[in-house]
Amino acid sequence: MNTMDIHQILKTLPHRYPFLLVDRVLELEKGKRIRALKNVAINEPHFTGHFPHRPVMPGVLILETMAQAASILALISGDTQLDDQTICYFAGIDGARFKRPVEPGDQLVMEITLDRAKASIYKFTAKAYVGEELACEAELMCTMRRIE
């Protein structure tokens, strides 16, 4: 699988509106990297309050968008199918830096590389771009856990 549309993403991630933030997977190399897309739209609920006079996508949602793309990479790489007893948790963020605001009308492209996978812990280098401009970068960690 080299790309994924929204229907395939819905089958992979447990997130749903308004918290599903990945619209399309542009490229996917199992065990290596993913490029994913989020279309930033003015009708997203956070823009009514962040900020009314100049809408800007909150940094935590940019990080969450990158984490969701990283989760797709982890799930596909580990041949893991989420069910009611399995969940992928965000486990850590290091070195997060925001380089430019992300505004309605932008296309946010996440480029995530898998640096390490050991047991059920995955570590990634994540970057988000608007066009050629770096908007955000961070090191992310996620873990797969069984819940009862």
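Bear in mind that the values in this text are calculations on the coordinates, not laboratory data. Not measured: the values here are computed from a predicted model.
So here's what we get for this one:
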item: Whether segment 32-73 is rounded, prolate or oblate, judged on the alpha carbon gyration tensor where a/c under 1.5 counts as rounded; result: prolate
item: Listed residues Val25, Val40, Val109, most fluctuating in the chain (Gaussian network, C-alpha, under 10 Å); result: Val40
item: Across Lys11/Lys99; Lys11/Lys32; Lys38/Lys118; Lys32/Lys123; Lys30/Lys123, pairs whose alpha-carbon gap is larger than 23 Å; result: Lys11/Lys99; Lys38/Lys118
item: Most mobile of Glu133, Glu111, Glu64 in a GNM of the chain (Cα contacts under 10 Å); result: Glu133
item: Percentage relative contact order, the chain, counting C-alpha pairs under 8 Å, at least six apart; result: 25
item: Values of log10 I(q)/I(0), in the order q = 0.09, 0.17 Å⁻¹, for the chain under a Debye, Cα-only, solvent-free model; result: -0.26, -0.92
item: Residue with peak Gaussian network fluctuation, the chain [Cα springs, cutoff 10 Å], from Gln107, Gln85, Gln68; result: Gln85
item: Under-5 Å amide H pairs with Cys136, H placed in peptide plane, nonlocal only; result: Lys99, Ala128
